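Here is the structure we will look at, set down as structure tokens.
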Amino acid sequence: MTTERLPGYCALCISRCGCIGTVQDGVLTRVDPDPLHPTGKALCVKAKAAPEAVYNPERILHPLRRTRPKGSADPGWERISWDEALDLIADKVRATFAQHGTSGLAFGVATPSGTAVADSFAWIHRLAHACKSPNLVFATENCNWHKDFAPAYTFGAGIGMPDYAHTGCILLWGFNPATSWLSQATAVRDAQKRGAKLIVVDPRRAGLAASADLWLRPRPGSDGALAMGIANILLRNGQFDRDFVMRWSDAPFLLSEETGLPLSAADLEEGGDPNSFVVWDLAAECAVKCPRRAPNANDSVLLALEGRYTAMTVCGLVPCRPVFEHLAERCRAWPPERVAEVTDVPAGQVRQAANLISDHLPLSFFTWTGTCQHTNATQSGRAIAALYALTGGLDAPGGNVWFSKPPVADVMGFETVTPEERALTLGLDQRPEGPPQKGWVTTRDLFRAIVEDEPYPVSCFFSFGSNFMLSKPDTRLAEEALKQLDFFAMAELYETPTARHADLLLPVCTAWEREGLQAGFQVSAAAETHVQLRPAFVPPLGESRSDTWIVFELAKRLGLADQFFEGDPGKALAHVLAPAGLTPERLRAERRGVALPLETRYRKYRQNGFATPSGRVEFHSERLRAVGQDPLPDYIAPSVLRSPNFPLTLTTAKWPQYCHSQQRNQPSLRRLMPEPLVEIHPDTAASRGIRDGDWVEVATAMAAVRARAKLEKHLAPEVVCAQYGWWQFADGAGDANRLIDSEYFDPVAGSNSLRHFPCEVSLSPARTD
């Protein structure tokens, strides 16, 4: 028997955990952690079940073409060759262009944070851009938008990464790394061992919440109120970084009381610079113009943050207040007692959180889907960002740092998109500051275009993974849209509920059967310097191919080879690595990867400012004001509220065994969780005659689904937590997303109310004793 132990990393989620794959006589038999890898201290059960994924009998292993009408119980799949399949797609794309133009073609892609499509994510975007398609369905609005893009309204960039090695206090808000980013969970535990404090904000006492110094249990969707309340205490007690806020943020900028707009140098003098802001010099006792670039003043000058002033302008006297005064006024409206009323977090715990933060600086934080899957996601994110900015920890040692990244080439092709092409993106007119500005659209908007031809027809759709029939909320037009498409092609591992609607299925190999590049492993400064080319542990089964291979082959058939390195993925990989001084050959030889000599520099804003319009941290966002949104952080209640018929609040979460709608057909994982669960407080269950293990029905105004009751005493009595992503039951049991109405969403980002929806729970007629 020939045995190989191959180093690599698991590509199943964003954690990219370092691992060792054991291959015996050409068969992958096990996957273990690689403790020598910067993210290899632990592996989740999904990674350890890799052999079951590779050799799963349900996999699609050949291109399949539909032979029966859509809606048929059996699609009548017919095996065809790769040439036939790719030629068919190319013909359909050209026919669409002839009939509707490039806007008639839309693309889809699964999340790179929770699937292995990250290997091909950039190339899929490049293909969509090369085809001049303005629309790509990507679940960013419910996933990474509010950690990677929306924080730019405040910071000019995403939230960065906690500098766990040097932090004094960690704030995990709506983020359970034990189930969604294992290498971060490991880093948090290591930080705790050396004395760092941990605050967890989560409606569930899950994962690291059990070992936290403080666990806060807010009502789902009330995060903004909690953030404003904690900020209020810090401001009231003077426990914020006044120097950072005064010199490196827009806090001292004067806002006119008459218009709410920032004063500029053009208001102070004829011909003044309209892009130079105005501050109040405390020593001079007058309004003065601020330098175009931060800092706002040198160390010897003090600027007003609080108070009311009257500025002499070219139009006369103008009453004004600093941005900071407006922010503080908003925060003063949230004393601990009011926070407790809205969030259900006791006032004492709100004070305790503020004290833990101020007593154990530097603070680092991370937030993800728990705060972004709400109708108030943007404002909640703004409130959390403002709270964090007050601590002065941005890009500072022990704070949230933008670590130096490997300088690989960006091949996504965003620079090729013209303003005219982007103007066609669905939803851009309603949400110009949200994901549509990047060409990322919601299924709601796409399906409306398909069915109603509004604002224009879309007739051809090609998706790389993405089981959006389960991973998205109920979309009223979904079934009709997928039936109405002239052509729907999908690259997939399995015949998912979404794939059953396709006209053509393309077999994708698992990440364990193909190479993959990871340039930076994110979780620390050292990890971010690491570049690794993951090997194909075993050859692809059947005729399955990588998504990248499919992209390049299709590009050649569409006459786009010149934009895809003559259709050669090898040349493309070399191009990506060249700026980093690396080659594919070197990475294949150094299987554990290469650590680049990158230096982490802290407080980079001192040289470059922040990438906001003003160059500062912006508590007051003119970008948001310009699109009709509140420019200042505040709490906005969720737009969907409980009612007498639906007195409980439904929320959802991930469990360690499964990610989204994946892995439930893998035997070892299914044994760990054979049926869908819904967590209910014992008192809530008892009042409804529900016992632990009973089949119950979770109902909303949209639908009802079954699940097994799991009594959970740490959950609030008014909250139930269900699972989504199950498609192994004919009646839809375990698919909580069917219960959510897609018409409720955040006005800026389009984020759905997946974590907050009115519901009721009752015993199911199919009760099992």
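Where helices (runs of 4 or more DSSP H) fall wholly inside the stretch 199-294, the ranges with 1 or more residues that are under 34 Å from the mean Cα position of the chain (by Cα) are 223-236, 242-248.
I'm checking my understanding of the structure. Among residues of the stretch 310-350 that are in a strand (DSSP E or B) and among the polar types (S, T, N, Q), which one is most open to solvent (accessible area, probe 1.4 Å)? First the steps, then the outcome.
Step one: filter the stretch 310-350 for residues in a strand (DSSP E or B), giving 310-313, 316-322.
With the extra rule that they be among the polar types (S, T, N, Q), the set shrinks to 310, 313.
Values: Thr310: 74, Thr313: 15 Å².
Looking at the filtered set, the residue picked out is Thr310.
Looking across the stretch 66-94, the residues that are open to solvent by 50 Å² or more (accessible area, probe 1.4 Å), assigned to a helix (DSSP H, G or I) and touching a residue at least 12 places away in the same chain (Cβ under 8 Å) come down to Glu84, Asp87, Lys92, Arg94.
When the stretch 351-369 is limited to residues that are in a helix (DSSP H, G or I), open to solvent by less than 40 Å² (accessible area, probe 1.4 Å) and touching a helix residue (DSSP H, G or I) at 6+ places or on another chain (Cβ under 8 Å), the one that is farthest from Val201 (Cα to Cα) turns out to be Ser358. Evaluating Lys147 against the criteria (1) of a type outside the set (A, V, I, L, M, F, W, C); (2) in a loop (DSSP other than H, G, I, E, B); (3) under 24 Å from Thr443 (Cα atoms) leaves one unmet condition, (2).
So if I check each of Ser120, Ser133, which one is touching a residue at least 24 places away in the same chain (Cβ under 8 Å), hydroxyl-bearing (Ser, Thr, Tyr) and closer than 25 Å to Ser183 by Cα? Quick ask: steps written out before the conclusion?
Numbers: Ser133 fails: closer than 25 Å to Ser183 by Cα.
Every option except Ser120 fails the conditions.
Kindly evaluate Ala266 against the criterion of being among the small types (Gly, Ala, Ser), over 26 Å from Glu329 (Cβ atoms) and in contact with an Asp or Glu (Cβ under 8 Å, 6 or more places away or on another chain).
Working: among the small types (Gly, Ala, Ser): yes; over 26 Å from Glu329 (Cβ atoms): yes; in contact with an Asp or Glu (Cβ under 8 Å, 6 or more places away or on another chain): yes.
Judged against the criteria, Ala266 is a match.
The residues listed here are Phe107, Phe155; of these, the one that is touching a residue at least 24 places away in the same chain (Cβ under 8 Å), in contact with a strand residue (DSSP E or B) (Cβ under 9 Å, 6 or more places away or on another chain) and within 21 Å of Leu482 (Cβ to Cβ) is Phe107.
Can Arg5 be described as touching a helix residue (DSSP H, G or I) at 6+ places or on another chain (Cβ under 8 Å), open to solvent by 60 Å² or more (accessible area, probe 1.4 Å) and either hydrophobic (A, V, I, L, M, F, W, C) or in a strand (DSSP E or B) (or both)? So Arg5 fails the test.
Tell me, please, whether a residue that is within 24 Å of Lys92 (Cβ to Cβ), in contact with a helix residue (DSSP H, G or I) (Cβ under 8 Å, 6 or more places away or on another chain) and assigned to a helix (DSSP H, G or I) can be found in the stretch 580-591.
Taking the stretch 580-591 first, the residues within 24 Å of Lys92 (Cβ to Cβ) are none.
For the stretch 580-591, residues within 24 Å of Lys92 (Cβ to Cβ), in contact with a helix residue (DSSP H, G or I) (Cβ under 8 Å, 6 or more places away or on another chain) and assigned to a helix (DSSP H, G or I): absent.
Only residues that are surrounded by fewer than 20 Cβ atoms within 10 Å (Cβ to Cβ) and either at negative phi or β-branched (Val, Ile, Thr) (or both) were counted across the stretch 95-120, and they come to 6.
Here Phe487 does not fit the description of being under 24 Å from Thr369 (Cβ atoms) and of a type in the set (Phe, Trp, Tyr).
Of the strands (runs of 3 or more DSSP E) lying entirely inside the stretch 456-538, those containing at least 2 residues that are open to solvent by less than 10 Å² (accessible area, probe 1.4 Å) and either closer than 27 Å to Arg59 by Cβ or among the basic types (Lys, Arg) (or both) are 460-464, 487-492, 504-507, 530-534.
For Arg448, are the conditions met, namely being open to solvent by 10 Å² or more (accessible area, probe 1.4 Å), among the charged types (D, E, K, R) and not in a loop (DSSP other than H, G, I, E, B)? Taking the combined requirement at face value, the residue satisfies it.
Scanning the stretch 159-193 for residues that are within 16 Å of Pro397 (Cα to Cα) and surrounded by fewer than 20 Cβ atoms within 10 Å (Cβ to Cβ) yields Ala165, His166, Gly168.
Taking residues in the stretch 230-245 that are more than 8 Å from Gly392 (Cα to Cα) and open to solvent by less than 30 Å² (accessible area, probe 1.4 Å), and partners anywhere that are of a type in the set (Phe, Trp, Tyr) and outside any helix (DSSP H, G or I), the pairs with Cβ atoms closer than 6 Å and at least 6 places apart or on different chains are Asn232/Trp334; Leu234/Phe240.
Residue count for the stretch 416-461 satisfying the condition of being of a type in the set (Ser, Thr, Tyr) and in contact with a Lys or Arg (Cβ under 7 Å, 6 or more places away or on another chain): 1.
Table: residues versus (1) surrounded by fewer than 21 Cβ atoms within 10 Å (Cβ to Cβ); (2) more than 22 Å from Arg217 (Cα to Cα).
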site	(1), (2)
Val678	no, no
Asp683	yes, no
Gly689	yes, yes
Val696	no, yes
Ala699	yes, yes
Ala722	no, no
Gly725	no, yes
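Considered as a group, the residues in the stretch 38-54 that are out of contact with any Phe, Trp or Tyr (no Cβ under 7 Å at 6 or more places or on another chain) and over 21 Å from Trp727 (Cβ atoms) include one that is most open to solvent (accessible area, probe 1.4 Å), and that residue is Lys41. Residues in the stretch 299-309 that are assigned to a loop (DSSP other than H, G, I, E, B) and either open to solvent by less than 90 Å² (accessible area, probe 1.4 Å) or of a type outside the set (S, T, N, Q) (or both): Asp299, Val301, Leu302, Ala304, Leu305, Glu306, Gly307, Arg308. Please go through the stretch 44-65 and pick out each residue that is in contact (Cβ under 8 Å) with a residue 12 or more places away in the chain, out of contact with any Asp or Glu (no Cβ under 8 Å at 6 or more places or on another chain), part of a loop (DSSP other than H, G, I, E, B) and not aliphatic (A, V, I, L, M). Once the filter is applied, which keeps residues that are in contact (Cβ under 8 Å) with a residue 12 or more places away in the chain, out of contact with any Asp or Glu (no Cβ under 8 Å at 6 or more places or on another chain), part of a loop (DSSP other than H, G, I, E, B) and not aliphatic (A, V, I, L, M), the stretch 44-65 yields Cys44, Tyr55, Asn56, Arg59.
Suppose the filter is modelled with pLDDT of 95 or more, of a type in the set (A, V, I, L, M, F, W, C), under 24 Å from the mean Cα position of the chain (by Cα) and over 17 Å from Gly21 (Cβ atoms); does Phe521 pass it? Outline the logic, then answer.
Details: modelled with pLDDT of 95 or more: yes; of a type in the set (A, V, I, L, M, F, W, C): yes; under 24 Å from the mean Cα position of the chain (by Cα): yes; over 17 Å from Gly21 (Cβ atoms): yes.
Here the answer is yes, as Phe521 does meet what is asked.
Taking the condition among the acidic types (Asp, Glu) and more than 25 Å from Trp368 (Cα to Cα), does Glu599 pass? For Glu599, the condition - among the acidic types (Asp, Glu) and more than 25 Å from Trp368 (Cα to Cα) - is met.
The values are calculated or read from the model by the stated rules, or taken from the named source; none is laboratory data. Keep in mind that this is a model prediction, so the values were computed, not measured. Backbone-built Cβ (ideal geometry, glycine too); neighbour counts: all protein chains shown. Calculation scope for accessible area: heavy atoms of the full protein, side chains included, ligands and nucleic acids excluded. Shrake-Rupley method; radii C 1.70, N 1.55, O 1.52, S 1.80 Å.
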